[in-house]
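The values are calculated or read from the model by the stated rules, or taken from the named source; none is laboratory data. Values in this document were obtained by computation on a predicted structure and should not be read as measured data. Note: ideal-geometry Cβ built from the backbone for every residue, glycine included; neighbour counts use all protein chains shown. Note: accessible area is taken over every heavy atom of the protein model, side chains too, but ligands, DNA and RNA are not part of it. Shrake-Rupley method; radii C 1.70, N 1.55, O 1.52, S 1.80 Å.
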Amino acid sequence: MKKRANIVAGNWKMNKDYQQGRDLTLEIVNKLQPSETVVILCPPFTHLQNTHTAINDISNLHLGAQNCHQEESGAYTGEISTGMLKSCGCDFVIIGHSERREFFSESDELLARKVDRALATGLRPIFCCGEPLPIREKGTHAAHVSEQVKNGLFHLPEEQMKEVVIAYEPIWAIGTGKTASPEQAQEMHQVIRSLLAKQYSEALAERISILYGGSVKPANAAELFAKPDVDGGLVGGASLKADDFIGIINHSNEALAK
Ligand code: PEP
């Protein structure tokens with residue numbers, strides 16, 4: 001019996017206008033069955049308040065943001081603070097998505113500060129890591145991802161580390177339709193969990209949910225979620241269609257029931 005939660009988080013990225021986002025949330029809310037899987041919706045900032053209202057009293061459904069600023073407040077035009085996110089009803093925030101690392105040059109050092117700011121505000125970070133294709137082809141993916149995890153998270157004391165969710169997302173599988181095989185995902189999740197055990201303790205490592213991300217869809221979710229160290233998924237494209245997203249959640253529920 002797993003000591004950690006299975007989580008399915010939907011990252012809408014920069015998709016859906018306000019009305020489309022509202023419709024998608026309502027469709028998910030109407031179709032979602034009560035279950036043990038923790039479901040998180042991460043819409044764009046402009047949709048947070050409305051999404052929060054729509055999901056308010058559903059116990060396994062939570063709100064997450066896709067990014068936050070590392071400072072508490074101040075003269076940072078166009079940025080969003082963790083306090084603002086918390087006050088809109090967020091419980092989670094994605095930190096270090098590969099698109100933020102690549103297109104916004106977010107460094108490990110910056111991400112570590114964002115993690116601190118999120119935790120200080122009572123938000124749980126969904127910390128993303130993953131290797132680009134050349135690193136996978138060179139065979140140094142385990143070392144690459146280990147560095148990202150160490151640099152972004154290992155300054156945290158155990159009490160704070162318990163609140164973190166990790167998402168392993170090989171960049172070559174994000175939005176490409178290519179998925180890591182269940183074996184490739186399991187191998188990397190095991191690398192990350194062993195690292196946690198070595199740095200903290202076996203008990204802590206067993207408690208941390210490690211999600212897989214990279215073209216998860218209803219057709220491949222069952223075999224990915226069947227792996228012992230894969231505790232659900234961070235889902236991009238397939239989270240934009242209620243039926244696909246619900247299908248993935250159902251596979252998580254089935255994996256939990258086994
Ligand atoms: C993501 O954005 O985190 C992601 C995994 O996207 P996709 O599911 O579309 O590959």
With r defined as the distance between the Cβ atoms of residue 107 and residue 207 and R0 fixed at 30 Å, what FRET efficiency is calculated, to the nearest 0.05?
-> 0.60
Pop a pseudo-label 7 angstrom from the Cα along the beta-carbon direction at both residue 158 and residue 223 and give the gap in nm to one decimal.
-> 3.9 nm
Integer Hz, Karplus 6.51/-1.76/1.60 couplings in order for segment 110-127, x for Gly and Pro = 5, 5, 4, 6, 5, 4, 4, 5, 4, 5, 5, 9, x, 9, 8, x, 9, 8
Which value in Å is the Kirkwood Rh of segment 129-258 over different Cα pairs?
-> 15.0 Å
Solvent exposure ordering (accessible area, 1.4 Å, most first) of 58, 28 = 58, 28
Of the chain, which part is the longest with no GluC sites (Glu not before Pro) in a loop (DSSP not H, G, I, E, B) and with at most 16 other C-beta atoms within 10 angstrom?
-> 164-258
Nearest 0.05, what FRET efficiency do residue 144 and residue 1 give at R0 = 41 Å with Cβ-Cβ as r?
-> 0.80
At 20 °C and 1.002 mPa s, what whole-number value in µm²/s does Stokes-Einstein give for the translational diffusion of segment 85-128, with Rh from the Kirkwood sum over Cα pairs?
-> 202 µm²/s
Tally Lys and Arg at +1 and Asp and Glu at -1 over the other residues with C-beta under 9 Å from the C-beta of residue 111: what net charge comes out?
-> +1
Kindly state, as a whole number, the per residue volume in cubic angstrom of the convex hull around the alpha carbon atoms of the chain.
-> 117 Å³
Taking the Cα centre of the chain as origin, work out the dipole magnitude from +1 charges on Lys and Arg Cβ and -1 charges on Asp and Glu Cβ, in debye rounded to 20.
-> 200 debye
Tally Lys and Arg at +1 and Asp and Glu at -1 over the other residues with C-beta under 10 Å from the C-beta of residue 189: what net charge comes out?
-> -1
Hey, what's the chain come to in accessible area per residue, 1.4 Å probe, Å²?
-> 44 Å²
Rank 180, 120, 226 by mean-square fluctuation in a GNM of the chain with C-alpha springs under 10 angstrom and give only the top-ranked residue.
-> 120
One finds, for residue 57 and residue 23 with R0 = 30 angstrom and r their Cβ-Cβ distance, a FRET efficiency to the nearest 0.05 of 0.95
Label model pair residue 190, residue 33: point-to-point distance (7 angstrom along the Cα→beta-carbon line) in nm is 3.2 nm
Cα to Cα, under 13 Å, and not fewer than 8 places away if on the same chain: which aspartates and glutamates meet these conditions relative to residue 150?
-> 108, 109
DSSP-assigned coil residues among trypsin sites (Lys or Arg not before Pro) in segment 155-245, each with at most 16 further Cβ atoms within 10 Å = 162, 178, 241
Residue by residue through segment 202-214, which ³J(HN,Hα) values in whole Hz follow from phi under the Karplus form 6.51 cos²θ - 1.76 cosθ + 1.60 (θ = phi - 60°), with glycine and proline marked x?
-> 4, 4, 5, 4, 6, 8, 7, 7, 10, 8, 9, x, x
Ignoring any ligand, DNA or RNA, what whole percent of the accessible area of the chain comes from carbon and sulfur when the probe is 1.4 angstrom?
-> 51 percent
Note to self: Kirkwood Rh of segment 11-101, Cα pairs, one decimal, Å, is 13.8 Å
Residue range of the chain that is longest and free of chymotrypsin sites (Phe, Trp or Tyr not before Pro) which are both DSSP loop and sparsely packed (at most 15 other C-beta within 10 Å) | 155-258
Taking Cα pairs under 8 Å and at least six residues apart, what relative contact order does the chain come out at, in percent?
-> 22 percent
